[in-house]
Amino acid sequence: MRIIGGRLGGRHIKVIESEGLRPATGRVREALFSMLSARGALFPGARVLDLFAGAGSVGIEALSRGAGECLFVERQPDVAKVLRENLQSLGLASDRAQVLRSDVAKALPRLAGRTFDLVAIDPPYGQGLLPPTLAGLAVHGLLAEQGVAVAEIEAGLEVAATDVPERLSCLTDRTYCQTRIILWTLATPASPSIPEPSIP
């Protein structure tokens, strides 16, 4: 798989066959990063959290385009091993790029106290993992102010209002071929109404 943009553009990363591993296509990644750039969601020094990281294509692309650091969360040992090899071959095996081999549901509570400017969520299809992941982000306060959470899910998946925490507000929802991309940010709290003074 080829990295599309940034200082590592044109370099390749290794991908292995593994159950549930579904790397984003070049077209989808190009669309995704165009959407993020248009909203100022990816900037120099940005802190990125790549959940269900797989081959790390989204997080690596973000680092290539100037993100300051990325934490990759991947459960499967063989996939996490290849991800670490990709980071090392690209010169990213440092404190800027770390791999946490863990189930996402267990990893999110461990990350409480940290915040991220961009959170990428690419759950395996058909396992209903998006709602609990969004809930975990909200409960543990992992999304920074002005930060963006982005999900890549199957095009036909219904996302009900009850699947998304009230703290998250949808920025955009688009479909590219078989992939649906949804962006959220933290909802702006409503300003308390100030009662008008009574006139005697």
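Scan 162, 133 and give me the residue that is more than 15 Å from the chain's Cα centre (by Cα) and of a type in the set (Ser, Thr, Tyr).
Testing whether each residue is more than 15 Å from the chain's Cα centre (by Cα) and of a type in the set (Ser, Thr, Tyr) leaves just 162.
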*Identify the single condition in (1) closer than 24 Å to residue 67 by Cβ; (2) in contact with a helix residue (DSSP H, G or I) (Cβ under 7 Å, 6 or more places away or on another chain); (3) exposed (fewer than 15 other Cβ atoms within 10 Å of the Cβ) that residue 176 does not satisfy, given that it satisfies every other one.*
(3)
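Would you pick out the residues in the range 1-43 that are over 22 Å from residue 185 (Cβ atoms), modelled with pLDDT of 85 or more and exposed (fewer than 14 other Cβ atoms within 10 Å of the Cβ)?
Of everything in the range 1-43, those that are over 22 Å from residue 185 (Cβ atoms), modelled with pLDDT of 85 or more and exposed (fewer than 14 other Cβ atoms within 10 Å of the Cβ) turn out to be 2, 7, 9, 10, 12, 14.
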*Answer with yes or no whether residue 164 is at pLDDT 95 or above, surrounded by 11 or more Cβ atoms within 10 Å (Cβ to Cβ) and closer than 28 Å to residue 65 by Cα.*
no
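The values are calculated or read from the model by the stated rules, or taken from the named source; none is laboratory data. Quick caveat, the model's predicted, so the values are computed rather than measured. Neighbour counts are summed over all protein chains in view; Cβ atoms, including those assigned to glycine, are modelled from backbone coordinates with ideal geometry.
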